[in-house]
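K.L.:
Here it is, the structure in full.
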Amino acid sequence: RGGVDIFTTAEFGDCILTIEVLVPRGSNSGIYMMGNYEIQVLDSWGKAQISPGDMGGLYGAAAPLLNAAKEPGTWQEFIIDFQAPRFADGKKVANALFRKVTLNEKVIHENVEMKGPTGGNLGRGEQPTGPLMFQGDHGPVAYRNIRIAPKQ
């Protein structure tokens, strides 16, 4: 069964995203900042060893500092302080940066640079702004209370 990726028409650069997710047992999704950089959404409850592919992992870049995932079927909250890549004269001069990511009030990332887009991205390349995207092809996941606060 294939799913559908959902993305915003509005585009964002530097921002703080607050979002709640509900992950059924065995389900899998992803939150893509700017349609490019994935924060993994996965049932990882109770796992002792976690990787970048587990709940809150920066897919392909960094495992969470700790497993803050709640049991499947429970609402969980991410707060993501994100910095867009920087450009000068049409060239990238600084990578995208996850300044701080909390999951269920526990810090799981601080100052993690993204060297490039995560697989499964929108395919637009790196830009100063981009949409928020939710991956929809790996089982059911619910999102609610989505708040994006652009930073100046």
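The values are calculated or read from the model by the stated rules, or taken from the named source; none is laboratory data. Here the structure is a predicted model, which is why all the values come from computation and not from measurement. Backbone-built Cβ (ideal geometry, glycine too); neighbour counts: all protein chains shown. The protein model used for the area step is the full one, side chains on, heavy atoms only, and it has no ligands, DNA or RNA in it. Shrake-Rupley method; radii C 1.70, N 1.55, O 1.52, S 1.80 Å.
K.L.:
Where does each of 36-44, 84-92 land if you order them by average Cβ count within 10 Å, highest first?
P.N.:
In descending order of packing, they fall as 36-44, 84-92.
K.L.:
Further, regarding this structure: Just to be sure I understand: with springs between alpha-carbon atoms less than 10 Å apart, which residue in M55, M34, M114 has the highest mean-square fluctuation in the Gaussian network model of the chain?
P.N.:
M114
K.L.:
Using a probe of 1.4 angstrom, how much of the accessible area of the chain is carbon and sulfur, in percent?
P.N.:
Ligands and nucleic acids excluded, carbon and sulfur give 50 percent.
K.L.:
Separate question: If you take the beta carbon distance between A88 and T9 as r and set R0 to 30 Å, what does 1/(1 + (r/R0)^6) give as a FRET efficiency, to the nearest 0.05? Display every interim value, and only then the final one.
P.N.:
Values: r = 27 Å, r/R0 = 0.91.
Between A88 and T9 the formula returns 0.65.
K.L.:
In addition: So with the 1.4 Å probe, I'd like the accessible area per residue for the chain, rounded to whole Å².
P.N.:
Details: 7620 Å² over 152 residues.
So the chain comes to 50 Å² accessible per residue, rounded to a whole number.
K.L.:
In whole Hz, with x marking every Gly and Pro, tabulate ³J(HN,Hα) for segment 83-94 from phi via Karplus 6.51 cos²θ - 1.76 cosθ + 1.60, θ = phi - 60°.
P.N.:
Along segment 83-94, the couplings run 10, 5, x, 9, 10, 9, 6, x, 10, 6, 10, 8 Hz.
K.L.:
Need one number: nm distance between label points at L122 and E20, each 7 Å from Cα along Cα→Cβ, rounded to one decimal.
P.N.:
Simple spin-label model gives 2.6 nm for this pair.
K.L.:
Here's a follow-up. For the pair T74/N104, report the inter-label distance in nm, with labels modelled 7 Å from Cα in the Cβ direction.
P.N.:
Distance between the two pseudo-spin positions: 0.4 nm.
K.L.:
Under the Kirkwood approximation applied to all pairs of distinct alpha-carbon atoms, what is the hydrodynamic radius of segment 1-143 in Å? Intermediate results must be reported in sequence, preceding the final value.
P.N.:
Details: mean 1/r = 0.0665 Å⁻¹.
After inverting the mean inverse Cα-Cα distance, the result is 15.0 Å.
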